[in-house]
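Notes to accompany the following structure.
The values are calculated or read from the model by the stated rules, or taken from the named source; none is laboratory data. In this text, all values refer to a predicted model and were calculated from it rather than measured experimentally. Positions of Cβ are backbone-derived with ideal geometry, glycine not excepted, and every protein chain shown enters the neighbour counts.
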Amino acid sequence: MSRIALVTGGSRGIGAAVSKALMADGYRVAATYSSNDQKAAAFTEETGIKTYKWDVSDYDACISGISKVESDLGFIDVLVNNAGITRDAPFHKMTRDQWTDVMRTNLDGVFNMTHPIWPGMRDRKFGRIINISSINGQKGQFAQANYSAAKAGDIGFTKALAQEGARVGITVNVVCPGYIATEMVMAVPEKVRDSIVAQIPVGRLGDANEIARCVVFLASDEASFITGTTLTANGGQYMV
């Protein structure tokens, strides 16, 4: 029987690439989204992957949404915590709401999604948790104190939880993408993109499918000895 994978923020950008790659590898996939009904519907029409709408920053909504997914597809074997937002501003101009919104989605959201799924994975003695962090959670970034802090928190969460899951068949890993040619990045002015590419030793932006392949590997049986690991995929822009 095919394993079940749930990808948050799974209908656009990196999340969409992950959802499609997992489906191509034989998983039954569900993808969450938070706001854009039209794009989610188009994604489902294109791929056949069912989408579910809820806000990962809302714990009760996560419990309800996860229950619906498991009712439709079965128990979740693989969770990819990809959903995230940005609210960039230099720290002296950053509002409390900008800080809180990013923390609630990018860090609390990882807890909110993982916590309800964790007991079932423990009971079944199998699970894969893959958290999508960022290069900026590793090195920091100007005007992203909120985002960098949340994404660094995702790395710490991964390392701690991996120690709890290791003896019950659950691996917990984190992928840190660099700058990827998503819709959001491609929308910035060309001069800004050029300045970003100039900092990347391989001389280009990443492709979302390259991140998806990292996730597919970490979800596989072949990666069962890998846990608590940070997989960095940034074209050499930041080496750890």
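Counting just the residues of the range 211-231 that are surrounded by fewer than 20 Cβ atoms within 10 Å (Cβ to Cβ) and touching a strand residue (DSSP E or B) at 6+ places or on another chain (Cβ under 6 Å), which one comes out farthest from GLN163 (Cα to Cα)?
My answer is LEU231.
For the range 115-124, state whether one or more residues are more than 30 Å from GLY74 (Cβ to Cβ), surrounded by 18 or more Cβ atoms within 10 Å (Cβ to Cβ), β-branched (Val, Ile, Thr) and in contact with a strand residue (DSSP E or B) (Cβ under 8 Å, 6 or more places away or on another chain). Walk me through it before giving the result.
Step one: filter the range 115-124 for residues more than 30 Å from GLY74 (Cβ to Cβ), giving none.
Among the residues of the range 115-124, not one is more than 30 Å from GLY74 (Cβ to Cβ), surrounded by 18 or more Cβ atoms within 10 Å (Cβ to Cβ), β-branched (Val, Ile, Thr) and in contact with a strand residue (DSSP E or B) (Cβ under 8 Å, 6 or more places away or on another chain), which makes the answer no.
Any residue in the range 155-167 that is farther than 20 Å from ASP77 by Cα and not in a helix (DSSP H, G or I)?
no
Yes or no: GLY203 among the small types (Gly, Ala, Ser), over 30 Å from VAL29 (Cα atoms) and not in a helix (DSSP H, G or I)?
yes
For the range 137-166: of the residues being closer than 16 Å to ASN82 by Cα and polar (S, T, N, Q), which is surrounded by the fewest Cβ atoms within 10 Å (Cβ to Cβ)?
Ranking the qualifying residues of the range 137-166, first place goes to SER148.
Do we find a residue being of a type outside the set (Phe, Trp, Tyr), part of a strand (DSSP E or B) and touching a residue at least 24 places away in the same chain (Cβ under 8 Å) anywhere in the range 62-73?
No - not one qualifying residue is present in the range 62-73.
Restricting to the range 110-154, name every residue that is touching a residue at least 40 places away in the same chain (Cβ under 8 Å), farther than 26 Å from LEU22 by Cβ, small (Gly, Ala, Ser) and not in a loop (DSSP other than H, G, I, E, B).
ALA145, ALA149
Could you give every pair whose Cβ atoms fall below 8 Å, whose first residue belongs to the range 219-240 and is closer than 26 Å to VAL202 by Cα, and whose second residue is at pLDDT below 95 and surrounded by fewer than 17 Cβ atoms within 10 Å (Cβ to Cβ), counting only separations of at least 6 or pairs across chains?
THR230/VAL240; THR232/VAL240
Among the residues in the range 142-149, are any over 16 Å from the mean Cα position of the chain (by Cα), small (Gly, Ala, Ser) and farther than 25 Å from ASP55 by Cα?
So far as the range 142-149 goes, no, none of its residues is over 16 Å from the mean Cα position of the chain (by Cα), small (Gly, Ala, Ser) and farther than 25 Å from ASP55 by Cα.
Those residues that are among the charged types (D, E, K, R) and either surrounded by 24 or more Cβ atoms within 10 Å (Cβ to Cβ) or not in a loop (DSSP other than H, G, I, E, B) (or both), I need them from the range 1-38; list them, please.
Those that are among the charged types (D, E, K, R) and either surrounded by 24 or more Cβ atoms within 10 Å (Cβ to Cβ) or not in a loop (DSSP other than H, G, I, E, B) (or both): LYS20, ARG28, ASP37.
How many residues, within the range 43-52, are surrounded by 13 or more Cβ atoms within 10 Å (Cβ to Cβ) and assigned to a helix (DSSP H, G or I)?
Here the count works out to 3.
Between ALA16, ALA24, ALA83, which is out of contact with any strand residue (DSSP E or B) (no Cβ under 6 Å at 6 or more places or on another chain), free of Cβ contacts under 8 Å to residues at least 24 places away in the same chain and within 22 Å of SER220 (Cα to Cα)?
When all the criteria are applied, what remains is ALA24.
For the range 74-97, which residues satisfy the criterion of being surrounded by fewer than 18 Cβ atoms within 10 Å (Cβ to Cβ) and not in a loop (DSSP other than H, G, I, E, B)?
Of everything in the range 74-97, those that are surrounded by fewer than 18 Cβ atoms within 10 Å (Cβ to Cβ) and not in a loop (DSSP other than H, G, I, E, B) turn out to be PHE91, HIS92, LYS93, ARG96, ASP97.
Exactly one condition in (1) within 14 Å of THR105 (Cα to Cα); (2) of a type outside the set (Val, Ile, Thr); (3) in contact with a Leu (Cβ under 6 Å, 6 or more places away or on another chain) is false for ASN173; which is it?
ASN173 satisfies every listed condition except (1).
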